[in-house]
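The values are calculated or read from the model by the stated rules, or taken from the named source; none is laboratory data. Every value quoted in this text rests on a predicted model; they were computed, and no experiment measured them. All Cβ positions, glycine included, derive from the backbone under ideal geometry; neighbour counts span all protein chains shown.
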Amino acid sequence: MAYRYRGHEIRAEEIVFIRQLIAQHPGLSRRRLSQKLCEAWQWKQANGALRDMMCRGLLLLLHRAGEIELPPVRYIPPNPLAKREPPAPLRIDSTPIRGSLSQWQPLDIRPVRRTPEEALFNSLMEQHHYLGYEQPVGEQLKHVVWAQGRPIACLAWSSAPRHLGSRDRFIGWSAEARRRNLHFLAYNTRFLILPWVEVPHLASHLLARV
């Protein structure tokens, strides 16, 4: 029986290979088996990192289907997102910002991921975005927009969803084209203009700039 997993067809010979891999390494954990399978099949991300989580999902699927027998789970790591403390509120100048877009130019759009300004981004999202702050998943970017030394907006980006019917129909992608080109897309997960900022055309200007 063949299985289809994230665009890959897993045939009987691949399942036999996995069984042999498990038999050859009886002392390995599920994680190490997954890594070895990634190395054997060259399942790697664009940056060269192993697709470990995707491979572990495949192994679990086959284990639950009774096709392979994985070793017992040895360790369940704590989930930091399940008990995440919300970002600490940071006080900033909330004096209203009004006027034309040209009055506040030039705007400085800064990437803040893994910088001291990331805490400001997280705090502003938590306090002022209607969905609050959530840690992005997968590849991600965070931007803070500054005008004359004051933050006025935040934008978050992450890996695009694998399936999004309206998007794929608009682009005109076939299933194969989507699989081949999905990594070229960024998904705008959050867009916040701070509530005291009233500048016409700012939102469309920022999206165009980014």
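Summary of values
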read-out: Residue in segment 136-146 that is closer than 20 Å to Ala46 by Cβ, of a type in the set (D, E, K, R), surrounded by fewer than 14 Cβ atoms within 10 Å (Cβ to Cβ) and not assigned by TED's automatic domain parsing to the domain that holds Ala49 present; value: no
read-out: Residue within segment 163-173 that is without any contact (Cβ under 8 Å) to a residue 40 or more places away in the chain and closer than 18 Å to Ala46 by Cα present; value: no
read-out: Filtered residues of segment 112-121 (kept if closer than 19 Å to Ala186 by Cβ and buried (at least 17 other Cβ atoms within 10 Å of the Cβ)); value: Val112, Phe121
read-out: Odd one out for Met125 among (1) free of Cβ contacts under 8 Å to residues at least 40 places away in the same chain; (2) in contact with a Cys (Cβ under 7 Å, 6 or more places away or on another chain); (3) of a type in the set (A, V, I, L, M); value: (1)
read-out: Condition met for Arg64 (at pLDDT below 85, surrounded by fewer than 15 Cβ atoms within 10 Å (Cβ to Cβ) and basic (Lys, Arg)); value: no
read-out: Selected residue [at pLDDT below 90 and either basic (Lys, Arg) or within 16 Å of Ile193 (Cα to Cα) (or both)] from Arg98, Arg84, Arg110; value: Arg84
read-out: Strands (runs of 3 or more DSSP E) enclosed by segment 1-111 - at least 3 residues per element that are outside the structural domain of Phe191 (by TED's automatic domain parsing) and touching a residue at least 60 places away in the same chain (Cβ under 8 Å); value: none
